[in-house]
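Trainee: Structure below; questions to follow.
The values are calculated or read from the model by the stated rules, or taken from the named source; none is laboratory data. The structure presented is a predicted model; accordingly, all values stated were derived computationally and were not measured. Here the Cβ positions follow ideal geometry from the backbone for every residue, glycine too, while neighbour counts run over all protein chains shown. Side chains are part of the model used for accessible areas, which takes the heavy atoms of the whole protein and leaves out ligands, DNA and RNA. Shrake-Rupley method; radii C 1.70, N 1.55, O 1.52, S 1.80 Å.
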Amino acid sequence: MTRQTPAKPDGMPDSFPATPVNRVRRQPDRGHYDRATLHAILDAALLCHIAYVIDGRPYCTPTSFWREEDHLYWHGSSASRMIRTQAQGVDLCLTVTHLDALVMARSGFHHSVNYRSAMVFGQAHAVEDMKEKRALMDRLIDRIYPGRSSLIRPPDARETRATSIMCMKIETASAKIREKHVSDDEADYTDVPAWTALYPVTQVLGAPSLCPRQQAGLARPAGMADFVPGARLDAVMASAYRRTFG
């Protein structure tokens, strides 16, 4: 899949330096530190997993997120222990993975999967300014469904109070990608009569199930043009990101 991303702001380095924190050690040839690759993986994703420690015990929470330049944003309940802990500025690790293929080889050791993954490190804080928070709540919707925040009811005071928006500056990050076919030991190609193959894997959109209480005469919004049955989810999310953030 072609990896594309909006242009980075002037003055931002093209890559993150490889450090003991973000360096890819296992299969280092698969490691990537350039922002273009990292941003493309992040922007094509809808869900991430955020790892952190509470009282000495590790937790990992799935949530929706989005990127704006070198900052990541996500939301949660204001009453959430996850949010309250993250807002204290603890160290976080945010990860994203796209599964692209199942790879069957001639030995168990060489069975594999093709994937695109990103691992991002930083510390988060809660957005407290109400004007900024409301704008970010709109962008959370528009990041997935371009232009939709202008078509729906805005959040009221109760909903705004009940929602926390978290922001994390990317301190360092790395990506790891496998995009190979079957790769066996040379002798196994002739000595092991096992059927081998690569199965591509994609998430695709199904047909929409309309709300049974839909008002008559409503057409699908223009911002939903890419949401067609059979479309790849990662491609739709990447397109939605570009539509919203340029």
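Each row is one residue, and each column tells you yes or no for (1) open to solvent by less than 100 Å² (accessible area, probe 1.4 Å); (2) among the basic types (K, R); (3) at pLDDT below 95; (4) within 30 Å of R35 (Cβ to Cβ).
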| position | (1), (2), (3), (4) |
| --- | --- |
| T196 | yes, no, no, no |
| R213 | no, yes, no, no |
| P221 | yes, no, yes, no |
| R232 | yes, yes, no, yes |
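Trainee: In segment 180-198, which residue that is among the polar types (S, T, N, Q) and touching a residue at least 12 places away in the same chain (Cβ under 8 Å) is nearest to E68 (Cα to Cα)?
Mentor: Going through the qualifying residues, I end up with S183.
Trainee: Name the single residue, out of those in segment 118-137 being within 30 Å of S15 (Cα to Cα) and open to solvent by 20 Å² or more (accessible area, probe 1.4 Å), that is nearest to the chain's Cα centre (by Cα). Outline the logic, then answer.
Mentor: First, the residues of segment 118-137 that are within 30 Å of S15 (Cα to Cα): 118-127, 132-133, 135-137.
Narrowing the set further to residues that are open to solvent by 20 Å² or more (accessible area, probe 1.4 Å) leaves 119, 121, 123, 125-126, 132, 135, 137.
Working: M119: 10, F121: 14, Q123: 17, H125: 19, A126: 20, E132: 22, A135: 21, M137: 18 Å.
Only one residue fits best here, namely M119.
Trainee: Scan segment 80-96 and give yes if some residue there is open to solvent by 10 Å² or more (accessible area, probe 1.4 Å), at positive phi and outside any strand (DSSP E or B), otherwise no.
Mentor: There is at least one residue in segment 80-96 that is open to solvent by 10 Å² or more (accessible area, probe 1.4 Å), at positive phi and outside any strand (DSSP E or B).
Rundown of residues vs (1) free of Cβ contacts under 8 Å to residues at least 40 places away in the same chain; (2) farther than 26 Å from V96 by Cβ, yes/no style:
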site: C167; (1), (2): no, no
site: R178; (1), (2): no, no
site: P200; (1), (2): no, no
site: R213; (1), (2): yes, yes
site: G217; (1), (2): yes, yes
site: V228; (1), (2): yes, no
site: A238; (1), (2): no, no
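Trainee: Another one. May I ask you to say which residue of I50, I54 is at pLDDT 95 or above and among the aliphatic types (A, V, I, L, M)?
Mentor: I50
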